[in-house]
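Have a look at the structure below before the remarks.
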Amino acid sequence: QVRLVESGGGLVQPGGSLKLSCVASGSISRTVMAWYRQAPGRQREVVALITSGGSTNYPDSVKGRFTCSRDNAQNTVYLQMNSLKPEDTAVYYCNTLDQSRPWGQGTQVTVSS
C-alpha cells in the first residue's frame, strides 16, 4: 500500500512562506491528490487538490496564496504557501482526494510572530 510522508513544515512569521513536500512510496501519477490541514479542535479540511494532469483547485481561504504542484516521476506533491497567516497554523497532510491511503504523520506549520 502506498505510504505518504510529508515534510517541510516549521515555524514562520506572518507573511512568510513555506514549501511542503509529500513523497509517496508508490506511483500516484494517475491519482487526484490533495493537501489537507487540521488545526487543534477543528476538522480536517482540504486546502488544495491537483489532478493527474496538474489542474488545481483551492478553497477561498487559501486561494491566491497557496500553490499545489506535482512531479509524477518523483511521486511527489508540493504545496507552496505564501503570505501565511496565523490561521494557517495546523498539521498539514497529503492524501488522495478520496482519502483512501493511510494517513502519514503530517507536518506541523506554525505561523506566529
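What does the charge add up to near Gly26, with Lys and Arg as +1, Asp and Glu as -1, over the other residues with Cβ less than 15 Å from its Cβ?
Values: positive: Arg3, Arg30, Arg70, Arg101; negative: Asp71.
Around Gly26, the surrounding residues sum to +3.
Give the accessible surface of the range 1-69 per residue, rounded to a whole number of Å², with probe radius 1.4 Å and ligands, DNA and RNA excluded. Before the final figure, lay out the partial values.
Numbers: 3780 Å² over 69 residues.
That works out to 55 Å² per residue.
Between Arg70 and residues 5 or more places away or on another chain, which pairs have amide H atoms under 5 Å apart, with H built 1.01 Å from N, and which residues are they?
Tyr78
If Rh is defined by the Kirkwood formula over all Cα pairs and Rg also comes from Cα, what ratio Rg/Rh do you get for the chain? Please list the in-between numbers first.
On the way: Rg = 13.0 Å, Rh = 13.8 Å.
Here the Rg-to-Rh quotient is 0.94.
Within a Cβ distance under 10 Å of Ala90, other residues only, what is the Lys/Arg minus Asp/Glu net charge?
Values: positive: Arg37, Arg42, Arg44; negative: Glu45, Glu87, Asp88.
Taking every Cβ under 10 Å from that of Ala90, the sum is 0.
Within the chain, what is the longest stretch that has no trypsin sites (Lys or Arg not before Pro) placed in a DSSP loop and near at most 14 other beta-carbon atoms within 10 Å? Kindly include the intermediate steps, with their values, before the conclusion.
Working: sites that count: Arg3, Arg30, Arg42, Lys63.
In short, 64-113.
Given H placed 1.01 Å from N in the peptide plane, which residues other than close sequence neighbours of Gly106 have an amide H under 5 Å from its amide H?
Glu6
I need to check one value: relative contact order of the chain, counting alpha carbon pairs closer than 8 Å and at least 6 residues apart, in percent. Mind showing how you got there, number by number?
Working: 278 pairs, mean separation 42.6, N = 113.
Dividing the mean separation by the residue count of the chain yields 38 percent.
On a C-alpha basis, how far is the centre of the range 53-70 from the centre of the range 88-113 in Å? Whole number, if you could?
Measuring centre to centre over Cα atoms gives 15 Å.
Under the Karplus relation 6.51 cos²θ - 1.76 cosθ + 1.60, θ = phi - 60°, what is the ordered set of whole-Hz ³J(HN,Hα) values for the range 28-34, x standing for Gly and Pro?
In residue order, the calculated couplings are 10, 4, 9, 10, 6, 10, 9 Hz.
Over the Cα atoms, compute the radius of gyration (one decimal) and Dmax (the largest Cα-Cα distance, rounded to a whole number) for the range 47-86, in Å.
Final numbers for Rg and Dmax: 10.7, 34 Å.
Per 0.36 nm of contour for each residue apart, how much would the distance between Leu11 and Ser69 grow if the chain were fully extended, relative to their Cα-Cα spacing? Could you put the intermediate results ahead of the total?
Numbers: separation 58, 0.36 × 58 = 20.88 nm, distance 2.21 nm.
That works out to 18.7 nm of additional length.
I'd like the carbon and sulfur percentage of the solvent accessible area for the range 25-113, probe radius 1.4 Å, heavy atoms only, ligands and nucleic acids excluded. Could you put the intermediate results ahead of the total?
On the way: 1950 of 4500 Å².
C and S atoms contribute 43 percent here.
Please check: in the Gaussian network model of the chain (C-alpha springs, under 10 Å), which one of Asp98, Asp71, Asp88 has the largest mean-square fluctuation.
Largest GNM mean-square fluctuation: Asp98.
The values are calculated or read from the model by the stated rules, or taken from the named source; none is laboratory data. Computed from a predicted structure; not experimentally measured. Note that each Cβ is placed from the backbone with ideal geometry, even for glycine, and that neighbours are counted across all protein chains shown. Calculation scope for accessible area: heavy atoms of the full protein, side chains included, ligands and nucleic acids excluded. Shrake-Rupley method; radii C 1.70, N 1.55, O 1.52, S 1.80 Å.
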